[in-house]
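The values are calculated or read from the model by the stated rules, or taken from the named source; none is laboratory data. These figures come from a predicted structure and were not determined experimentally. In this analysis, Cβ positions are derived from the backbone assuming ideal geometry, glycine residues included, and neighbour counts consider all displayed protein chains. In case anyone asks, the SASA skips ligands and DNA or RNA and just uses the protein heavy atoms, side chains included. Shrake-Rupley method; radii C 1.70, N 1.55, O 1.52, S 1.80 Å.
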Amino acid sequence: LSKIDTALRQATAALKAAGCDSPRLDAVLLLAEATGLAPDRVRIETDRDIAPEAEARFNALLARRTARQPMAQILGRREFWSLTFRVTPDVLDPRPDSETLVAAVLERVANRQAKLRLLDFGTGSGCLLLSLLHELPEAHGLGIDQSEAALVVARGNAASLGLDARATFQLGDWGSGLEGAFEIVISNPPYIESGTIAALAPEVARHEPLSALDGGADGLEAYRRLIPDAARLLAPDGLVALEIGQGQETAVAALLERAGFGAVAMAADLGGTIRTLLARKSR
Ligand SMILES: C[S@@+](CC[C@H](N)C(=O)[O-])C[C@H]1O[C@@H](n2cnc3c(N)ncnc32)[C@H](O)[C@@H]1O
């Protein structure tokens, strides 16, 4: 039987050689997953034997990680806004930076008990919409995605979070064919310049859905299409909140202004990078 200590040392070396950013942490989390032990116990009980079945599971998980599959895809889950979301290769791995959008929207909701209608373009795992619905108990939300496989994941997340009575997920191309009025429209669209995707970390370039990343030649294609849809679908004084890529604030603010939105506000992440633009539709 192998000991935890030996398994962790060998796995950490293999993950480091494969170019993983946090090899020791990944090894601990994968061994915890394979053994069913809590990560803290894996860290402390290093003298413990690993059962052969658990070791086989560990080696299988490790092979996926050395091939640079994202941890969230291997574990099948990611914490976002302190909620657990299922993650598969069909959806973007929810990023901590995207919590900036959730916080910025909540700051602008005057009454959290209001019966708000939310619309999420490019919902993916549903993490943005479902986090907001979790905080806004009377709100209802519609999540749109062009990927049927992503919608299956989003619906599963709504159910496991107990939000399925207030969340609907529908196939669509941004706002085309949609009607109605929404108080809040949010989106984290694909915004990476097509030509730079291949050079991203293998976790992203090789394992995340291209349609969640590719923003066209200049990265702004999705904003050009969805901002006019947001303007049309928002109720008077409604709020739009868009995640943007680093350095895109001037260009996307100009698109919002051209679509008739009022003053554009910006929200930064904890590192000071502007991640979200917000604007209201004129009354
Ligand atoms: C960057 S991911 C964001 C996922 C999730 N909202 C999040 O923040 O983690 C962008 C999403 O937009 C979807 N998408 C791309 N083009 C679309 C289109 N034309 N209409 C609707 N959704 C689209 C992709 O399938 C993907 O799920």
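Using R₀ = 45 Å, calculate the FRET efficiency as 1/(1 + (r/R₀)^6) where r is the Cβ-Cβ separation of Asp5 and Arg283; round to 0.05. Each step should come with its number before you reach the end.
Numbers: r = 65 Å, r/R0 = 1.45.
After rounding to 0.05, the efficiency reads 0.10.
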On alpha carbon coordinates alone, what is the Rg over Rh value for the range 136-211, Rh being the Kirkwood radius? 1.03
For a label point 7 Å along the Cα-to-beta-carbon line of Val204, residues of the range 232-275 with backbone N under 17 Å: 243-249, 269-275
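Given +1 on the Cβ of Lys and Arg, -1 on the Cβ of Asp and Glu, and no further charges, what dipole in debye does the chain carry about its Cα centre, rounded to the nearest 20? Working shown, then result.
Details: 30 positive and 37 negative charges, 41 e Å.
Roughly 200 debye, rounded to the nearest 20.
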Computed ³J(HN,Hα) along the range 7-23: with the Karplus parameters 6.51/-1.76/1.60, θ = phi - 60°, integer Hz and x for glycine or proline, the list is 4, 5, 5, 5, 5, 4, 5, 5, 5, 5, 5, 7, x, 5, 5, 10, x
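Nearest 5 is fine: what % of DSSP beta bridges in the chain come out antiparallel, could you say? Don't skip to the end; give the middle numbers.
Details: 16 of 36 bridges.
Close to 45 percent.
Rounded to the nearest 500, what is the chain's calculated 222 nm mean residue ellipticity when only DSSP H runs of at least 4 contribute -39500 (n - 2.57) each, over all residues?
Working: 11 runs with 111 residues, N = 283.
Taking each H run of at least 4 residues, the total per residue is -11500 deg cm²/dmol.
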Calculated FRET value between Arg48 and Lys115, using beta carbons and R₀ = 51 Å, to 0.05: 0.45
Let me test this: with uniform point scatterers at the alpha carbons of the chain, what is the Debye-based log₁₀ I(q)/I(0) at q = 0.10, 0.13 1/Å? -0.57, -0.88
Once amide H atoms are built 1.01 Å from N in the peptide plane, which residues 5 or more positions from Leu92, or in another chain, come under 5 Å H to H? Ser125
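Starting from the range 104-157, pick out the GluC sites (Glu not before Pro) whose DSSP state is loop and whose Cβ has at most 14 other Cβ atoms within 10 Å.
Numbers: sites: Glu107, Glu135, Glu138, Glu148; in loops: Glu138.
Here the GluC sites (Glu not before Pro) that fit, given the DSSP loop and packing criteria, are Glu138.
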Ala263 versus Ala18: modelled label distance in nm, points set 7 Å from Cα along the beta carbon direction: 5.0 nm
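Per residue, how big is the convex hull around the C-alpha atoms of the range 195-283? Give it to me in cubic angstrom, could you? Show your work: numbers first, answer last.
Working: hull volume 9.5 nm³, N = 89.
Convex hull volume per residue, Cα atoms: 107 Å³.
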Cα to Cα, under 21 Å, and not fewer than 8 places away if on the same chain: which lysines meet these conditions relative to Lys281? Lys115
Ordering Tyr191, Tyr223 from largest to smallest accessible area (1.4 angstrom probe), what's the sequence? Tyr191, Tyr223
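How large is the translational diffusion coefficient of the range 9-134 in µm² per second when you combine the Kirkwood radius over alpha carbon pairs with Stokes-Einstein at 10 °C and 1.306 mPa s? Kindly include the intermediate steps, with their values, before the conclusion.
On the way: Rh = 16.7 Å.
It diffuses with D of about 95 µm²/s by this estimate.
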May I ask for the angle, rounded to the nearest 10°, between helix 148-160 and the longest principal axis of the chain, with both axes built from Cα atoms and the value confined to 0 to 90°? 80 degrees
